[in-house]
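Here is the structure we will look at, set down as structure tokens.
Just so it is clear, none of the values below were taken in a lab; they were calculated from the coordinates. Since we're looking at a predicted model, the values are computed, not measured. Glycine gets a Cβ as well: all are built from the backbone with ideal geometry, and neighbour counts include every protein chain shown.
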Amino acid sequence: MAREQTRCVFCAGHEQQTTPELLRVTYGQIFPPAEMPADIAPADWALRAFHNVIPRIPEACTGGRNESYVVVEDARHYQHNARSVQDLQYSGALPTTQFVALLMTNVRVMAMAYANDTVQSVLIRKNQGPESGGSQPHIHNQVIASNTLFPDVEAEMQVTAREPEIWVTCVDLFRQEGWIIQEEGELVTCWSPFGKFPRCFDVIDLAHWGPMTEMANDTIERFARALHQVLVLFGPYALDYEVHQGTGIPLHVHVNSRTFTYSNIGGTLNLPHDLTAKVQAIRRRLQDLAPRLL
Ligand SMILES: [Zn+2]
Ligand SMILES: [Zn+2]
């Protein structure tokens, strides 16, 4: 385990091995003294952002500037009490307070990207586990900006422009089918039949549309808490998520579990007969977890 940390460029003490730091948030800025994790020094960084050494969108597309960023989610490479190299830190293991601070930090990084006039679209992307394509084991997510709209986001914007009610209509359908996991006002967590992978969960804020950089902190916080609950449910298992935002669509995230997926037939919506029962079981599990998360 110590050898892995020695090699890890995202670990504390190796800050010189990444591209220059753009911002950091310390544990002391996230946690009040009474809530500070035992093994943590308040002055140490908890979150750190820098440019991705490999731009996900070529720099030539974004005015010669690298608009791909990495946000390290925690200084700790391993979970508390880890016993093997498999026991990596993961997003669902972070305290909710830290995950909220993480999403706020992502929004600050997003604002840096939007300061580039060539940038049209920004998303937040996370890969957890090697099965989902996560190459760096140290817990982190990415902020990726592009000079064109990302195809998935563009499709959502086009459909929404034609049928602005489509998000509410979908949520009504999910409610009717028993696919809602949690609803808090207009913030909805649901199983989605439209995901890229057949275990897709969406968190949709039907009340807040437009760029995240223009949203109030409490809107971001509420959304972060709902997303964190889904990540707690999935635990350390492989997943990816993408936060989609921008003009003309409500703030939402698609979370794809990359394990325990079922296969549908020829890309149809041919769903397992016990799907609703499974979603309801997840809903009950989340309700059991909820008091612990608040
Ligand atoms: Zn590390
Ligand atoms: Zn989307």
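Of note:
- FRET efficiency for the pair Val85 and Arg65, taken as 1/(1 + (r/R0)^6) with r the Cβ-Cβ distance and R0 = 35 Å, rounds to 0.45.
- Relative contact order, percent, segment 1-94 [alpha-carbon distance under 8 Å, six or more residues apart]: 24 percent
- Theoretical gain in end-to-end length, Gln16 to Arg125 [0.36 nm per residue, Cα-Cα removed]: 36.8 nm
- Helical mean residue ellipticity (222 nm; -39500 (n - 2.57) per DSSP H run of 4+; nearest 500) of the chain: -9500 deg cm²/dmol
- A Förster radius of 35 Å, combined with the Cβ-Cβ distance separating Thr213 from Asp274, puts the computed FRET efficiency at roughly 0.25.
- When only Cα pairs below 8 angstrom with a gap of at least 6 residues are kept, the chain shows a relative contact order of 17 percent.
- Descending by average beta-carbon neighbour count within 10 Å, the peptides 4-17, 112-125, 222-235 line up as 222-235, 112-125, 4-17, the highest first.
- Between segment 107-122 and segment 219-262, the Cα center-to-center distance that results, in Å: 21 Å
- Each label was represented as a point 7 Å from its Cα along the Cα-to-Cβ direction; for Gln176 and Asp39 these points are 5.1 nm apart.
- Across segment 129-139, computed HN-Hα scalar couplings (Karplus, 6.51 cos²θ - 1.76 cosθ + 1.60, θ = phi - 60°) run x, x, 5, 9, x, x, 9, 8, x, 6, 4 Hz from first to last residue, x flagging Gly and Pro.
- For segment 20-25, Karplus couplings with θ = phi - 60° (6.51, -1.76, 1.60), whole Hz, Gly/Pro x: x, 5, 9, 7, 9, 10
- Segment 1-157: C-alpha gyration tensor shape, a/c 1.5 cut-off, then a/b vs b/c: prolate
- For segment 152-253: relative contact order, % (alpha-carbon pairs under 8 angstrom, 6 or more apart): 27 percent
- With semi-axes defined as the square roots of five times the eigenvalues of the C-alpha gyration tensor, the equivalent ellipsoid of the chain measures 30, 24, 19 Å, largest first.
- Label-to-label distance, Thr97 versus Phe194, with points set 7 angstrom from Cα along the beta-carbon direction: 3.8 nm.
- Inter-centroid distance (Cα atoms) of segment 60-95 relative to segment 145-185, Å: 28 Å
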